[in-house]
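Chemist: The structure's right below; bear with me while I get my questions together.
Read the figures in this text as sums done on the coordinates, not as results from a lab. The structure presented is a predicted model; accordingly, all values stated were derived computationally and were not measured. When we count neighbours, we look across all protein chains shown, and the Cβ atoms used for this are built from the backbone with ideal geometry, even at glycine.
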Amino acid sequence: MTVLEQPGSSRNKSSLAGPPPAWRPRVDPAPLLPDSAPYRVLGTDAAARIDSGLLTRLYAQLVRGRRYNAQATALTRQGRLAVYPSSTGQEACQVAAALALEDRDWLFPSYRDTLAAVVRGLGPVAALTLLRGDWHNGYDPHEYRVAPLCTPLATQLPHAVGLAHAARLKGDDVVALAMVGDGGTSEGDFHEALNFAALWQAPVVFLVQNNGFAISVPLAKQTAAPSLAHKAVGYGMPGRLVDGNDAPAMHEVLTEAVRRARDGGGPTLIEAVTYRIEAHTNADDATRYRSDAEVETWRAHDPIALLEREMAARQLLTDAFVAATRESAEQLAADLRDGLNADPELDPMDLFDHVFAEQTGQLRAQAAQLRAELDAEAAGHTEDTAGTAGPAEEARP
């Protein structure tokens with residue numbers, strides 16, 4: 001006998017009773033839905049209310065960021081970096097993410113978000129240490145409140161939720177901002193992070209930089225959702241859709257989401273619609289999956305050019321300000337060149353220093369074995385040198 005065949009079944013009744021009360025949504029879904037089009041400030045009446053000081057601060061960081069991207073890309077071609085995922089064209093997302101946070105907050109970047117870490121205060125050489133291949137991480141995360149750069153897609157998102165939830169349990173006034181690309185939203189970690197964040201009402205902000213492609217896979221082949229921001233309602237958090245090349249709009253939306261999280265309002269999912277002007281990395285040939293015409297269309301929507309129009313209208317682009325901004329950008333590039341052109345002094349024993357707070361017996365044994373091999377190699381090299389020098393000395397007249 002099936003469930004529908006049980007006595008009292010409503011199978012043959014003309015009107016069916018509704019499902020049990022447990023199905024009902026916990027919140028009204030309407031306020032969680034994003035706008036139908038990306039939110040913009042530049043080119044609208046809202047631009048007039050943006051503080052001039054914020055505009056100049058954003059512009060200076062965008063110009064420095066563009067120069068940083070260009071220099072890092074050049075160093076990759078020179079062999080000083082193993083790989084570099086450029087954020088050219090996405091600088092507004094990177095800059096706004098860093099500037100929206102307080103000093104006590106945490107940034108959880110992906111591998112493409114080194115510029116956000118630099119704007120946060122991290123030295124450019126330290127930010128690129130991972131991509132040079134020297135260390136897994138080139139800085140102290142606790143000092144800068146920047147989590148290690150994350151190469152696996154989206155695995156930093158659950159970490160951000162865990163830190164934010166733990167901070168709230170401890171009573172710390174801390175917000176975590178986690179950055180991820182559109183490709184990362186196809187990972188299970190994305191689902192797990194958003195689900196737990198909403199259930200726990202964790203003070204965390206998720207920033208998805210939708211730059212059009214997960215390497216070569218366009219967004220349309222990743223999801224059928226109206227937008228990535230629409231995914232927020234399924235988890236019970238607000239979704240915001242914003243023009244990722246509009247720096248003031250990005251700053252406003254992110255600042256609002258950070259404030260909401262800090263005040264106990266829970267997480268927010270923000271989708272920034274932007275574009276990756278350069279290839280995925282120096283190992284990618286972007287011409288195989290997109291046209292030059294498409295790239296040029298997005299160049300016309302460049303975040304620096306968009307901001308320059310507003311600043312020019314307000315007469316904020318003075319010769320002195322532009323010169324000082326360019327000088328600062330060139331100094332950043334020079335520091336990056338000098339730092340990466342210097343050969344690092346690497347010690348193989350460093351492999352064992354940052355695995356556990358206290359080394360396990362197995363690690364101590366492995367470290368001792370490596371030390372013995374290095375000492376034997378050094379001793380053999382010394383003997384070889386002495387052995388080859390002797391006959392040469394004897395052969396001299």
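Chemist: For residue 350, what is the net charge nearby, where nearby means another residue's Cβ is under 14 Å from its Cβ and Lys, Arg count +1, Asp, Glu -1?
Modeler: Values: positive: 371; negative: 134, 345, 347, 353.
Overall, the nearby charge balance is -3.
Chemist: What number, in percent, do you get for the relative contact order of the chain if the mean sequence gap of Cα pairs under 8 Å and at least 6 apart is divided by its residue count? All intermediate terms of the calculation are to be shown ahead of the outcome.
Modeler: Values: 594 pairs, mean separation 85.1, N = 397.
The value is 21 percent.
Chemist: I would also like to ask the following. Sum -39500 (n - 2.57) across every DSSP H segment of at least 4 residues in the chain, then divide by the residue count to get the 222 nm mean residue ellipticity, nearest 500.
Modeler: Calculated at 222 nm, the ellipticity per residue is -14000 deg cm²/dmol.
Chemist: A follow-up question, please. Between residue 312 and residue 368, with labels modelled 7 Å along Cα→Cβ, what's the label distance in nm to one decimal, could you check?
Modeler: 7.1
Chemist: Classify segment 243-303: rounded, prolate or oblate, from the alpha-carbon gyration tensor (a ≥ b ≥ c, eigenvalue square roots; a/c under 1.5 rounded; otherwise prolate if a/b is larger than b/c)?
Modeler: Verdict is prolate for segment 243-303.
Chemist: Moving on. Count the net charge of all other residues whose Cβ sits under 12 Å from the Cβ of residue 70, scoring Lys and Arg as +1 and Asp and Glu as -1.
Modeler: Working: positive: 64, 66, 67, 77, 337; negative: 91, 278, 330.
So the surrounding residues net to +2.
Chemist: So I have (1) 49, 23, 20; (2) 45, 32, 20; (3) 31, 24, 23, and one of them is semi-axes √(5λ) of the Cα gyration tensor in Å calculated from this model. Which one is it?
Modeler: (2)
Chemist: With a Förster radius of 56 Å, plug the Cβ-Cβ distance of residue 199 and residue 375 into 1/(1 + (r/R0)^6) and report the FRET value to the nearest 0.05. Let's see the in-between values first.
Modeler: Values: r = 54 Å, r/R0 = 0.96.
Efficiency for this residue pair is about 0.55.
Chemist: On full extension of the chain, what length is gained from residue 360 through residue 294, given 0.36 nm per residue of separation minus the C-alpha to C-alpha distance?
Modeler: Difference between extended and current length: 18.4 nm.
Chemist: Tally Lys and Arg at +1 and Asp and Glu at -1 over the other residues with C-beta under 14 Å from the C-beta of residue 168: what net charge comes out?
Modeler: Cβ neighbours under 14 Å give a net charge of 0.
Chemist: Calculate the spin-label point distance for residue 225 paired with residue 45, positioning each point 7 Å from the Cα along the beta-carbon direction, and give it in nanometres.
Modeler: Each label point lies 7 Å from its Cα, and together they span 3.2 nm.
Chemist: Also: Which whole-number percent is the relative contact order of segment 224-380 (Cα, under 8 Å, 6+ apart)? Please list the in-between numbers first.
Modeler: Values: 86 pairs, mean separation 24.8, N = 157.
About 16 percent, as a whole number.
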